[in-house]
Structure formats: C-alpha cells, structure tokens
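Shown next, in structure tokens, is the structure this report addresses.
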Amino acid sequence: MVDTIEHGTIASVHYTGTFAEGGEFDSSRGKDPLVFIVGYGQMITGFEREMLGAKVGEKREFTLSPEDAYGERIEDAIQKVERENFPENMELEVGMVVGAHSDQGPIQFTIVEIDEEVVTADFNHQMAGRTLRFEVEVVDIRAASEEELAHGHVHGPGGVDH
C-alpha cells in the first residue's frame with residue numbers, strides 16, 4: 001500500500017488554482033478529482049514538487065513562480081502570420097485561442113491583433129509569466145500498474161481505458 005505521493009504513484013487530488021493577483025483560473029471542486037501519475041510530465045513541475053510526500057487527506061497551499069509553472073513570457077513567441085494561412089471562412093477574433101499543426105506536433109496560439117493581411121499570434125502559453133496559487137487536498141494515492149507506467153497515463157477511473 002502506498003501512503004504518500006512519490007514518483008510513479010497515482011495521485012487523486014481536488015484543487016483550486018488562482019492567480020496571485022486574484023481570480024480563479026481552474027478548480028476540480030464539484031467535479032471528479034484530478035488524477036495523474038507523479039513524475040510523468042502530466043502536471044507542471046512546481047505542482048508535483050510541492051505535492052511530493054503528501055498523504056491522503058492532507059491539504060497543501062503553495063504559490064508557484066512562472067519558472068515553476070508555465071514559464072516566463074517570451075517576446076519572440078509573438079509572430080505575424082499571413083491571413084491567407086487561415087481557412088478563408090474562419091471567423092477570427094482577438095483573444096481567440098487557435099489550435100494548429102506544426103513540424104513539432106500540435107500547437108496553440110492566441111490571436112492578439114488582426115488586420116486585412118496579417119494576424120499577430122502569441123505562441124506563449126496563456127498562463128506564461130503568471131504567478132499561480134494552489135489549494136490542494138489529496139483524495140487518494142495508489143501505486144501505478146506496470147501498464148500505466150509503460151503507457152504514461154492513468155487507466156480506469158479518472159484516466160483512460162485503453
């Protein structure tokens with residue numbers, strides 16, 4: 001039996017995330033808990049680090065600087081994209097988050113400006129540069145199966161079944 005969160009365990013937690021300056025950005029309250037394999041890159045680095053050693057029923061509060069969360073904003077990640085690279089019938093709006101495929105796989109960007117010929121796209125993560133606060137309660141901890149570790153994700157309740 002596993003009684004503390006450590007690398008390779010499956011943690012089930014309820015959490016509420018807020019920005020340091022106020023305002024909630026996400027919460028599992030009223031929903032199923034968040035379930036993840038610790039140490040497999042499913043959570044931001046600082047979140048996992050802060051949860052290591054926690055036990056079922058334990059509550060933790062912590063603040064993550066941008067480097068422990070989604071990184072600092074990079075000005076070079078704001079780029080101009082020719083309007084013709086978007087589908088002709090696609091309605092574009094400032095603030096819209098768009099998914100696309102790149103040589104490195106799927107990417108997301110936020111539209112920050114639009115004119116007749118050029119769309120200004122911000123490829124920074126939407127929460128880059130933000131300091132994040134978390135309130136977390138550990139609901140369950142269990143050992144990951146060899147299959148889950150090999151696949152890199154949780155199977156069954158809270159995970160995927162393939």
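Which number in (1) surrounded by 11 or more Cβ atoms within 10 Å (Cβ to Cβ); (2) of a type outside the set (Val, Ile, Thr); (3) part of a loop (DSSP other than H, G, I, E, B) marks the one condition that GLU48 misses?
Exception for GLU48: condition (3).
From the list ARG29, ARG60, which residue is among the charged types (D, E, K, R) and touching a His at 6+ places or on another chain (Cβ under 8 Å)? Full working, then the answer.
Working: ARG60 fails: touching a His at 6+ places or on another chain (Cβ under 8 Å).
Just one listed residue meets the conditions, ARG29.
In the stretch 56-111, how many are under 17 Å from GLN126 (Cα atoms) and not polar (S, T, N, Q)?
In the first step, residues of the stretch 56-111 are kept if they are under 17 Å from GLN126 (Cα atoms); the result is 64-79, 93-100, 106-111.
Cutting the leftovers down to not polar (S, T, N, Q) gives us 64, 66-78, 93-100, 106-107, 109, 111.
Selection size over the stretch 56-111: 26.
Suppose we keep only residues that are over 23 Å from GLY156 (Cα atoms) and in contact with a helix residue (DSSP H, G or I) (Cβ under 7 Å, 6 or more places away or on another chain) within the stretch 1-54. Which one would you say is modelled with the lowest pLDDT?
THR45
I need the full set of residues from the stretch 105-133 which are in contact with a Leu (Cβ under 7 Å, 6 or more places away or on another chain) and buried (at least 17 other Cβ atoms within 10 Å of the Cβ), in order please.
Scanning the stretch 105-133 gives ILE111, VAL119, LEU132.
Got at least one residue in the stretch 60-71 being assigned by TED's automatic domain parsing to the domain that holds VAL38, surrounded by fewer than 15 Cβ atoms within 10 Å (Cβ to Cβ), among the β-branched types (Val, Ile, Thr) and closer than 25 Å to GLN42 by Cβ?
Yes, because at least one residue in the stretch 60-71 is assigned by TED's automatic domain parsing to the domain that holds VAL38, surrounded by fewer than 15 Cβ atoms within 10 Å (Cβ to Cβ), among the β-branched types (Val, Ile, Thr) and closer than 25 Å to GLN42 by Cβ.
The values are calculated or read from the model by the stated rules, or taken from the named source; none is laboratory data. Here the structure is a predicted model, which is why all the values come from computation and not from measurement. With ideal geometry, Cβ positions are generated from the backbone for all residues, glycine too; neighbour counts draw on all protein chains shown.
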